[in-house]
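See structure below.
The values are calculated or read from the model by the stated rules, or taken from the named source; none is laboratory data. Fair warning: this is a prediction, and the values are worked out from it, not measured in the lab. Every residue, glycine as well, gets a Cβ built from its backbone with ideal geometry; the counts of neighbours run over all protein chains shown. To get the accessible areas, we keep the full protein, side chains included, count just its heavy atoms, and leave off ligands, DNA and RNA. Shrake-Rupley method; radii C 1.70, N 1.55, O 1.52, S 1.80 Å.
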Amino acid sequence: NGTAVLDSCGICLEPTDPNFNTDSQVCTDCNGVLFGNAVIDSCGICLEPSDSLFNLSCTDCAGVVNGTSIIDSCGVCLDPTDPLFAVNCNEHEIYIPNIFSPNGDGINDYFIISKNSDSRANIIHYRIYDRWGSPIYSLENPEFGATTNWWGGNFTNQVANGVYVYAIEVVFADEKSKWFVGDVTINY
């Protein structure tokens, strides 16, 4: 014998209830859609449960829900407390000279490849070619910092001024391999 009835939203309320037939408050979802399905997810975002981002829009760059990892200034996704955060920027940097002088004075006598001290990299292939593309020198797995085995400009058992082509493959700690191809000039 009560006086409550179903209002236009399908809610059983007394006609004197302030929410009776107030579509904007009772019949809408969190997006304001009349009879919509959107709800506040665990990330605090109003989405429909069928939305692919439901409960995922609060993941960090590593995909961890409510994680704290962000993209650092090096473009790497890391937690700001990680010791490598924003310090690995030069990891893929190596230095390849464009000229050397194998004249025996002890300065730039070899075509030596060097790397950033923070870089964890290994040379896989070190190849030198003449201007016609014929191989004239090669090393497999030479070590950065080594003082021997680098090319000293020998070509047909003598040092000859000119431009030569190199192809050097380096693999980095993240297992990414990169070929460096260019030319180097001998100025004897």
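Given +1 at the Cβ of Lys and Arg, -1 at the Cβ of Asp and Glu and no other charges, the dipole of the chain around its Cα centre is 1120 debye to the nearest 20. Take every Cα pair under 8 Å whose residues are at least 6 apart in sequence, average their separation, divide by the length of the chain, and the relative contact order is 12 percent. With a ≥ b ≥ c taken as the square roots of the eigenvalues of the C-alpha gyration tensor of region 42-143, please select rounded if a/c is under 1.5 and otherwise prolate if a/b is larger than b/c or oblate if it is not? Cα axes put region 42-143 in the prolate bin. Sorted on the mean count of surrounding Cβ atoms within 10 Å across their residues, most packed first, peptides 63-69, 121-127, 182-188 read 121-127, 182-188, 63-69.
The residues neighbouring Glu143, those whose beta-carbon lies less than 15 Å from its own, together hold a net charge of 0 under the Lys/Arg +1, Asp/Glu -1 convention. Accessible area of Ser50 (1.4 Å probe, protein heavy atoms only, ligands and nucleic acids ignored): about 100 Å².
Checking [x] 1.14; [y] 1.42; [z] 2.08 against the coordinates, the calculated Cα Rg over 2.2 N^0.38 Å falls under label [z].
Each part reduced to its alpha carbon centroid, region 94-148 and region 159-188 end up 7 Å apart. Helical content alone sets the calculated 222 nm signal of the chain at -500 deg cm²/dmol, taking -39,500 (n - 2.57) per DSSP H segment of four or more residues and averaging over every residue.
Select from Asn116, Asn19, Asn55 the residue whose mean-square fluctuation is largest in a Gaussian network model of the chain (Cα-Cα springs shorter than 10 Å). Answer for the Gaussian network model of the chain: Asn19.
Ordered from highest to lowest accessible area with the whole protein assembly present and a 1.4 Å probe, Thr59, Thr81 read as Thr81, Thr59.
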